[in-house]
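Q: Submitted below is the structure of interest, expressed as structure tokens.
The values are calculated or read from the model by the stated rules, or taken from the named source; none is laboratory data. What you see is a predicted model; the values in this text were computed from it and never measured. Note that each Cβ is placed from the backbone with ideal geometry, even for glycine, and that neighbours are counted across all protein chains shown. Protein only, heavy atoms only, side chains kept; ligands, DNA and RNA dropped before computing areas. Shrake-Rupley method; radii C 1.70, N 1.55, O 1.52, S 1.80 Å.
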Amino acid sequence: MSLELYLDLLSQPCRAVYIFAKKNGIPFELRTVDLLKGQQHSNAFAQVNPLKKVPALKDGDFTLAESVAILLYLSRKYKAPDHWYPQDLQACARVDEYLAWQHTALRSSCTRAMWQKMLFPVFLGEQVPPEMLASTLAELDGCLQLLEDKFLKDQDFLAGPHISVADLVAITELMHPVSAGCQVFKSRPKLAAWHKRVEAAVGEDLFQEAHAAVMKAKDMPPADTATKERLKPLMQFLLK
């Protein structure tokens, strides 16, 4: 049976999984799960992932949730080149270190920046208090500084001289606030150069393909009443 990947490319971890699979020539069937339509809450999808989140993987009778777990499963099963998830103990530890950090740091600030700066006012018609947005953008700036100082340093990529899954996870996160008009790379030449290296390593066409939907998110028509009601819990969480 063929590999199935359940994705919505508006989601940053879904983009990381998509790019990794495509770049490494991994054959899969794409099963699109429209998050804004609430398809992740359907009974059919709950059979694949009871957590009701994307990405999700189905490989025969085996199912798997969580983007990092999926990336590592694909890397191991399909014997991706070593640089993606190195066998060297310390190089692997550097990748793991970033993946462990990003969940509660860059992921959170990038998601909040995108929603508060763009999707709340444009898609949901909800204005965000200026002081809240300013606080979110300041938090994002702090995370970007840590990304440069702690992880990238003077290296070509986050875990050393070659691209790894850490870079994929990081760049797909940063494209969230970029899609909302945040000038993430403008005053950070080191980060901007890293961005270009990652895009070149992935391939410009694949990179643009994976990010097409999120870069067009600002042009989405306003949400209808049902969508607004369905997204209320998310709104409450992201406006805390």
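Q: Output the pairs from 22/58; 23/228; 58/117 with a Cα-Cα distance over 27 Å in this structure; if there are none, say none. Walk me through the numbers on the way to the answer.
A: On the way: 22/58 17 Å; 23/228 36 Å; 58/117 35 Å.
As for pairs spanning more than 27 Å Cα to Cα, those are 23/228; 58/117.
Q: State the number of lysine pairs found in the range 144-222 whose Cα atoms come within less than 26 Å, restricting to pairs 8 or more positions apart or on distinct chains.
A: Here the count comes out as 11.
Q: Largest first and in whole Å, give the semi-axes of the range 14-118's equivalent ellipsoid, each being the square root of 5 times a Cα gyration tensor eigenvalue.
A: Result for the range 14-118: semi-axes of 24, 21, 12 Å.
Q: Give me the net charge of residue 187's neighbourhood, meaning all other residues with Cβ under 12 Å from the Cβ of residue 187; Lys, Arg count +1, Asp, Glu -1.
A: Here the charged neighbours net out to +1.
Q: If you don't mind, another one. Given 106, 184, 234, which one lies farthest toward the positive end of the charge dipole of the chain, if we put +1 on the Cβ of every Lys and Arg and -1 on the Cβ of every Asp and Glu?
A: Ranked along the dipole, the leading option is 234.
Q: Residue 220: accessible area at probe 1.4 Å, nearest 10 Å²?
A: 50 Å²
Q: Taking K and R as +1 and D and E as -1, what net charge do the other residues with C-beta under 13 Å from the C-beta of residue 158 add up to?
A: My count for the surroundings of residue 158 gives -3.
Q: Here's something else I'd like to know. How many percent of DSSP beta bridges within the range 5-91 run antiparallel, rounded to 5?
A: Once the DSSP bridges in the range 5-91 are tallied, antiparallel ones form about 65 percent.
Q: Go through the range 177-238 and name the trypsin sites (Lys or Arg not before Pro) that are in a DSSP coil and have 16 or fewer other Cβ atoms within 10 Å of their Cβ. Intermediate results must be reported in sequence, preceding the final value.
A: Values: sites: 186, 190, 196, 197, 216, 218, 228, 230; in loops: 186, 216.
Hits after loop and neighbour filter: 186, 216.
Q: While we're on this one: Considering only DSSP states other than H, G, I, E and B, which trypsin sites (Lys or Arg not before Pro) in the range 44-101 qualify as loop sites with at most 15 other Cβ atoms within 10 Å?
A: 79
Q: Let me ask another. Could you report the range 112-240's accessible area per residue, 1.4 Å probe, as an integer in Å²?
A: Solvent-accessible surface per residue comes out at 49 Å².
Q: Of all DSSP beta bridges in the chain, what percent run antiparallel (nearest 5)?
A: 70 percent
Q: Follow-up. Give me the net charge of residue 98's neighbourhood, meaning all other residues with Cβ under 10 Å from the Cβ of residue 98; Lys, Arg count +1, Asp, Glu -1.
A: -1
Q: Separate question: Counting Lys and Arg as +1 and Asp and Glu as -1, each charge on the Cβ, what is the dipole of the chain about the Cα centre in debye, to the nearest 20? Provide the component values of the computation, followed by the final result.
A: Numbers: 28 positive and 28 negative charges, 59 e Å.
Its charge dipole is roughly 280 debye.
Q: Another question about this same structure. Calculated from the structure, Cα extents along the principal axes in Å equals which of (i) 54, 49, 33; (ii) 50, 46, 29; (iii) 53, 41, 39?
A: (ii)
Q: Now a separate question. Excluding ligands, DNA and RNA, what is the solvent-accessible area per residue of the range 1-95 at a probe of 1.4 Å, expressed in Å²?
A: Details: 4830 Å² over 95 residues.
Accessible surface, normalised per residue, equals 51 Å².
Q: Can I ask one more? Could you check how much of the accessible area of the chain is carbon and sulfur, as a whole percent, using a 1.4 Å probe?
A: For the chain, the apolar C and S fraction of the accessible surface comes to 55 percent.
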